[in-house]
């Protein structure tokens, strides 16, 4: 399988945090959701992949190239939380800046995206709402024929209507099989809607990297009492959490375990619940 | 690099216009008190303040993080600020020449010797100050770099005085004042280029978050 982005053994150490041999891939034509709580290492991973911070070890390959040269940067669209454009500019002035930065800048695409998002071309960015700034950033990222789109917490703080518009835009983008998206977010419901794969980072380590459908269709939560928990085969337990009145056990194949423990109450797990159990549960 | 320069021109446009108009007004105003060519000392220094407006704006909008993901290298990002600085200094110098030329045409005494002398002093001070403050803008936070920016102009006058005293040991300043200040200008150009290399080297290894 061709990968638009492949990260292998990425390591970066700070005084109080370590990104520990992070490895995962973004296959071409897919959307990969990078999830994890605040401070888990999502942004550090993206920053290291984009060369914003120096990595200590590991290999990052973007569009089959390990060096992040200007040719490759032409083909990457990046959107951070907030617009990150000088607020004194207007979308029209930003167009003049961008067409002098990107050789492949497509003015027509940019203007049609501004129209599609109803963004006024001559209004200063400082007068835009957060949602408008985000739409502008996405318009700019999509206006230079990007093959890989990287979004770091781009939908945080936006209302559901704007988020839905943006998610639709991302789904449109991956209709082309050469296009791929890495999107980091802690709003897992967004990723449940659009992602093909989920990569879960916790305390600087990749806990799992799985197809989303596998997580939604096969993973489950077994809810039981103490006696039933003691009777469980330990190899069936991924993680568990003891609550006031019940035990919650994360399992990877709910149909198989339902057959094995017919009296157990097993329910499907959302990505939020899976994340919560990994973070707060025990092994 | 051109796109980043366009962005900086948009950011600093109003500041540049105000500075240039002020220089012209000041040029005519000064002619009643001083030689109009003395404005050449102040003009390049005053017009470069727009660079620091753009640096502060970049930091506030977190543009530095964004631009690194674009097809612009780190050394080009630094290089652009140095080019912008030089362009503004030259623009300031050119603007200050306007009242000098007009006043000369009206019969006021403006000599080429004075223009060269004051021009060399002004440009030397600007290059020395920029050579100190520009790398610092990428090491310190915006507040500290503004302090460094202001202090760098004071430091540059001290450095010029020191250089003149040093050169005086080999070439008597009284008799070769223009040559001495041309040597100072050459040293300032060398320092400015060296400063670019240092700033690019610092920025190359810096984590941008």
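Coordinate-derived values only; no laboratory data. In this text, all values refer to a predicted model and were calculated from it rather than measured experimentally. Virtual Cβ from ideal backbone geometry, glycine too; neighbours counted across all protein chains shown.
For residue B:144 and residue A:13, what is the calculated FRET efficiency with R₀ set at 35 Å and r taken between the beta-carbons, to the nearest 0.05?
Values: r = 27 Å, r/R0 = 0.76.
That pair, residue B:144 with residue A:13, gives E of 0.85.
How big is the convex hull of the Cα atoms of the protein assembly as shown, per residue, in Å³? Intermediate values should be presented prior to the final figure.
Details: hull volume 86.2 nm³, N = 492.
Per-residue hull volume (Cα only) is 175 Å³.
Take the Cα of residue A:104, go 7 Å toward its beta carbon, and the backbone nitrogen atoms of the range A:173-202 under 12 Å from that spot belong to A:178-180.
Each Cα pair under 8 Å and six or more residues apart adds its sequence gap; the mean of these over the residue count of chain B is a relative contact order of 27 percent.
Altogether, the Stokes-Einstein calculation at 37 °C and 0.692 mPa s, with the Kirkwood radius of the range A:219-280 over Cα pairs as Rh, returns a diffusion coefficient of 287 µm²/s. By the count of neighbouring beta-carbon atoms within 10 Å, fewest first, A:270, A:188 end up ordered A:270, A:188.
Quick one: order B:74, B:197 by neighbouring beta-carbon count within 10 Å, fewest to most. If you can, show how the numbers build up before the last one.
Working: B:74 20, B:197 12.
Exposure proxy ranking, most exposed first: B:197, B:74.
Taking the number of Cβ atoms within 10 Å of each Cβ as an exposure proxy, the fewest-first ranking of B:126, B:49, A:44 is B:49, A:44, B:126.
Would you please classify the overall shape of the range A:113-248 from the alpha carbon gyration tensor, given that a ≥ b ≥ c denote the square roots of the eigenvalues, rounded means a/c under 1.5, and beyond that prolate means a/b larger than b/c while oblate covers the rest? All intermediate terms of the calculation are to be shown ahead of the outcome.
On the way: a/c = 3.36, a/b = 2.33, b/c = 1.44.
The shape class here is prolate.
Summarising the strand pairing of the range A:3-211, around 55 percent of its internal DSSP beta bridges are antiparallel. The Cα center of the range A:15-64 and the Cα center of the range A:213-274 differ in position by 30 Å.
Please say if the range B:2-204 is rounded, prolate or oblate, where rounded means a/c under 1.5 for a ≥ b ≥ c the square roots of the C-alpha gyration tensor eigenvalues, and otherwise the choice is prolate for a/b larger than b/c and oblate otherwise? Please report the intermediate quantities before stating the final value.
Values: a/c = 2.44, a/b = 1.45, b/c = 1.69.
Oblate, because a/c is 1.5 or more while a/b does not exceed b/c.
Across the alpha-carbon set of chain A, the Rg to Rh ratio works out to 1.03, Rh being the Kirkwood radius.
Take each residue in B:4-10, count the other chain C-beta atoms within 10 Å of its C-beta, and the mean is 5.
Using a/c under 1.5 as the rounded threshold, could you call the range B:1-95 rounded, prolate or oblate? The axes a ≥ b ≥ c are square roots of the C-alpha gyration tensor eigenvalues, and prolate needs a/b larger than b/c, oblate otherwise. Present the calculation step by step, with values, prior to reporting the outcome.
Working: a/c = 3.56, a/b = 2.63, b/c = 1.35.
Here the range B:1-95 falls in the prolate category.
So for the range A:23-115, Kirkwood radius off the Cα pairs, Stokes-Einstein at 25 °C and 0.890 mPa s: how many µm² s⁻¹? Don't jump to the answer; show the numbers that get you there.
Values: Rh = 15.8 Å.
D = 155 µm²/s.
Based on C-alpha pairs under 8 angstrom that are at least 6 apart in sequence, chain A has a relative contact order of 21 percent.
Considering only DSSP beta bridges with both partners in the protein assembly as shown, what is the antiparallel share in %, to the nearest 5?
65
Between the range A:127-166 and the range B:1-69, the alpha-carbon centres lie 33 Å apart.
Based on the Cα gyration tensor of the range A:17-75, what are the three equivalent ellipsoid semi-axes, each the root of five times an eigenvalue, rounded to whole Å and given largest first? If you can, show how the numbers build up before the last one.
On the way: eigenvalues 80, 46, 21 Å².
Each semi-axis is √(5λ); the values are 20, 15, 10 Å.
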